[in-house]
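**Q** Structure incoming, see below.
The values are calculated or read from the model by the stated rules, or taken from the named source; none is laboratory data. Note that the structure is predicted; figures quoted are calculated from it, not measured. Note that each Cβ is placed from the backbone with ideal geometry, even for glycine, and that neighbours are counted across all protein chains shown. With ligands, DNA and RNA removed, areas are computed over all heavy atoms of the protein, side chains included. Shrake-Rupley method; radii C 1.70, N 1.55, O 1.52, S 1.80 Å.
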Amino acid sequence: MPYDDSPPPTRRARPLAVAAALAAVSLTAAGCGGEQSDRPDAAPPRPGADGASPSASASASASAPASGKPLPKGPLTGRTVVIDPGHNPGNRDHTREINEQVDMGTGRKECDTTGTSTNDGYAEARFTLDVSHRLRALLEAEGARVRLTHDADRPFGPCVDERARIGNEAKADAVVSVHADGSAVGNRGFHVILPARVKGGGADTTPIVKSSADLGARIAGHFARTTGSAPSNYVGGKTGLDTRDDLGGLNLSTVPKVFVECGNMRDPEDAALLTSESWRQKAAQGMADGVSSYLKG
């Protein structure tokens, strides 16, 4: 679920180019999606680095290849991708801090939320970190320089404004925020959230609306093909795309950025996918293929 969700937003489906992307895809199974639930039934263990400063721009480990070895030469050499794992495993232990209001460009919103979980207690924050690690490895294998906004190496956060700032300061060619939703049983299917055209206060998405839509459409098409999951049956008019103007992580971005809602953790069928290691690898592969397609033009 988007980390700066709060009151139910006004959703506007935006088919864009995804119709063409999905037309060529064989959709063999329903997928994931969902509305927010900020009170997970259970949470993972606290991150080990409790002394980490929550005001750091990004985790130190996020700026170097995960392997510690030089990046291989590949089709994405010279490109920078920022991966934003939704929420933080430690957020539930820092409710006061994450409830503090921060500037989202057109208003103020909570720093972050705890995220959702499956009914069996598999937390969204654990899911997003796992998929983000897999996505990072795939993109680095193609030569991309990859940074994470956090790696559970800080007590909580980062806040939504800092998450956007990390991508901006990295001058990222693409930013992908990884999430999973917590909606009603029967609501299934993935969707990709795109930034609306927002201009006001400290926000101006005008320069990135078109490029973000292209990035999102490519991710949606590849995600469907690789995972076998269908576009959401309750968000985005079954296009796999949803455009929103209430997310600080998108409003404050100055580089192409999307959120990927991989599945509805509260639906048993989607939860079975999200808790499957092999499916999470497919989800990461679908996102990686979409990002690669976008960066290659």
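**Q** If you scan the stretch 156-176, which residues turn out to be open to solvent by 10 Å² or more (accessible area, probe 1.4 Å), farther than 23 Å from P72 by Cα and assigned to a loop (DSSP other than H, G, I, E, B)?
**A** Within the stretch 156-176, F156, C159 meet the criteria.
**Q** Right, something else. So N88 passes all but one of these: (1) surrounded by 20 or more Cβ atoms within 10 Å (Cβ to Cβ); (2) more than 13 Å from the chain's Cα centre (by Cα). Which condition number does it fail?
**A** Every listed condition holds for N88 apart from (2).
**Q** Sticking with this one: Go through (1) open to solvent by 30 Å² or more (accessible area, probe 1.4 Å); (2) under 24 Å from R108 (Cα atoms); (3) among the acidic types (D, E); (4) under 16 Å from the mean Cα position of the chain (by Cα) and name the single condition D151 misses.
**A** Looking at each condition in turn, D151 falls short on (2).
**Q** Residue by residue through the stretch 257-282, note down the ones that are under 24 Å from K210 (Cα atoms) and either without any contact (Cβ under 8 Å) to a residue 24 or more places away in the chain or in contact with a Cys (Cβ under 6 Å, 6 or more places away or on another chain) (or both).
**A** Answer for the stretch 257-282, where residues must be under 24 Å from K210 (Cα atoms) and either without any contact (Cβ under 8 Å) to a residue 24 or more places away in the chain or in contact with a Cys (Cβ under 6 Å, 6 or more places away or on another chain) (or both): just C262.
**Q** Something else now. Quickly run through the stretch 183-207 and pick out the residues that are of a type in the set (G, A, S), open to solvent by 10 Å² or more (accessible area, probe 1.4 Å) and at pLDDT 95 or above.
**A** S183, A184, G186
**Q** Against the definition (open to solvent by 10 Å² or more (accessible area, probe 1.4 Å) and in contact (Cβ under 8 Å) with a residue 60 or more places away in the chain), how does P65 come out, yes or no?
**A** yes
**Q** Also, quick follow-up: So how many residues does the stretch 114-149 have that are within 20 Å of S183 (Cα to Cα), among the acidic types (D, E) and in a loop (DSSP other than H, G, I, E, B)?
**A** Adding up the residues that qualify gives 1.
**Q** What are the residues in the stretch 257-288 that are over 12 Å from S117 (Cα atoms) and open to solvent by 20 Å² or more (accessible area, probe 1.4 Å), if any?
**A** Listed by number, the residues that qualify are E269, A272, L273, S276, E277, S278, R280, Q281, K282, Q285.
**Q** Are any residues in the stretch 216-228 crowded, with 24+ Cβ neighbours inside 10 Å, in contact with a Ser or Thr (Cβ under 9 Å, 6 or more places away or on another chain) and either β-branched (V, I, T) or not in a helix (DSSP H, G or I) (or both), and if so, which ones?
**A** I219
**Q** Could you please give the count of residues in the stretch 56-112 that are part of a loop (DSSP other than H, G, I, E, B), of a type in the set (S, T, Y), at pLDDT below 95 and under 21 Å from E169 (Cα atoms)?
**A** So the count comes out to 3.
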